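Asker: The structure is given below, and queries will be raised subsequently.
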Amino acid sequence: MFETPQARYYLVTRAPGPRWDRSRGMREQEGWDEHAAFMDGLVDAGFIVLGGPLGDEYRVVHVAEAASAGEVRETLARDPWSGTHLVVDSVDAWTLRLDARRPAGA
């Protein structure tokens, strides 16, 4: 993975882990409440900027704001679902060039 010192945002992809039950929806998975509380905490802390499942409802994408890819991996490793229900596929530095939320001229 290529990282630059200026990288502030990281695009994270996560995939189902060995304990993911494909016969159940995301909110029906074992340990959902603990996982959801952990992720809500990351949003409240400003670490997760955007996130959610892709259309297949199995893979997940997050945009994280962090100092390094290592910080992203270390933080997500504390998720109660880490390694069991979700595994990190990739963490890539992301240079944001287009952002409709940014004020004009910024």
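The values are calculated or read from the model by the stated rules, or taken from the named source; none is laboratory data. Since we're looking at a predicted model, the values are computed, not measured. Neighbour counts run over all protein chains shown; Cβ positions are idealised from the backbone, glycine included. Only protein heavy atoms, including side chains, enter the accessible area calculation; ligands, DNA and RNA are left aside. Shrake-Rupley method; radii C 1.70, N 1.55, O 1.52, S 1.80 Å.
Asker: Evaluate the stretch 47-63: report whether one residue or more is open to solvent by 40 Å² or more (accessible area, probe 1.4 Å) and touching a residue at least 60 places away in the same chain (Cβ under 8 Å). Even if it seems obvious, please write down each step before you answer.
Answerer: Step one: of the stretch 47-63, the residues open to solvent by 40 Å² or more (accessible area, probe 1.4 Å) are 49-51, 53-59.
From the residues that got through so far, the ones that are touching a residue at least 60 places away in the same chain (Cβ under 8 Å) too are none.
The answer is no, given that none of the residues of the stretch 47-63 is open to solvent by 40 Å² or more (accessible area, probe 1.4 Å) and touching a residue at least 60 places away in the same chain (Cβ under 8 Å).
Asker: Further, regarding this structure: Can you confirm whether residue 43 is under 19 Å from residue 69 (Cα atoms), without any contact (Cβ under 8 Å) to a residue 12 or more places away in the chain and surrounded by 13 or more Cβ atoms within 10 Å (Cβ to Cβ)? I'd like the intermediate steps shown before the answer.
Answerer: Values: under 19 Å from residue 69 (Cα atoms): yes; without any contact (Cβ under 8 Å) to a residue 12 or more places away in the chain: yes; surrounded by 13 or more Cβ atoms within 10 Å (Cβ to Cβ): yes.
Yes, satisfied.
Asker: May I ask you to verify whether residue 3 is in a loop (DSSP other than H, G, I, E, B), modelled with pLDDT of 95 or more and open to solvent by 30 Å² or more (accessible area, probe 1.4 Å)? First the steps, then the outcome.
Answerer: Values: in a loop (DSSP other than H, G, I, E, B): yes; modelled with pLDDT of 95 or more: no; open to solvent by 30 Å² or more (accessible area, probe 1.4 Å): yes.
Spelling it out, it is not the case that residue 3 is in a loop (DSSP other than H, G, I, E, B), modelled with pLDDT of 95 or more and open to solvent by 30 Å² or more (accessible area, probe 1.4 Å).
Asker: Pick from the stretch 79-106 the residues that are farther than 16 Å from residue 10 by Cβ and among the charged types (D, E, K, R): which of them is farthest from the chain's Cα centre (by Cα)?
Answerer: 102
Asker: For the stretch 54-83, how many residues meet the condition of being β-branched (Val, Ile, Thr) and in contact with a Phe, Trp or Tyr (Cβ under 8 Å, 6 or more places away or on another chain)? Spell out the reasoning first.
Answerer: The initial filter retains those residues of the stretch 54-83 that are β-branched (Val, Ile, Thr), namely 60-61, 63, 72, 75.
Still in the list and also in contact with a Phe, Trp or Tyr (Cβ under 8 Å, 6 or more places away or on another chain): 63, 72, 75.
Here the count works out to 3.
Asker: Right, something else. Condition first: without any contact (Cβ under 8 Å) to a residue 12 or more places away in the chain and not small (Gly, Ala, Ser). Now tell me which residues in the stretch 26-40 satisfy that.
Answerer: Keep residues of the stretch 26-40 that are without any contact (Cβ under 8 Å) to a residue 12 or more places away in the chain, which gives 27-28, 32-33, 36-37, 40.
Correct list: 27, 28, 32, 33, 40.
Asker: Right, another one. Taking the residues in the stretch 34-81 that are of a type in the set (Ser, Thr, Tyr) and touching a strand residue (DSSP E or B) at 6+ places or on another chain (Cβ under 8 Å) as candidates, determine which candidate is farthest from residue 19 (Cα to Cα).
Answerer: In the first step, residues of the stretch 34-81 are kept if they are of a type in the set (Ser, Thr, Tyr); the result is 58, 68, 75.
Next, from what is left, pick out any that are touching a strand residue (DSSP E or B) at 6+ places or on another chain (Cβ under 8 Å): 58, 75.
Working: 58: 12, 75: 20 Å.
Within the stretch 34-81, the match that is farthest from residue 19 (Cα to Cα) is 75.
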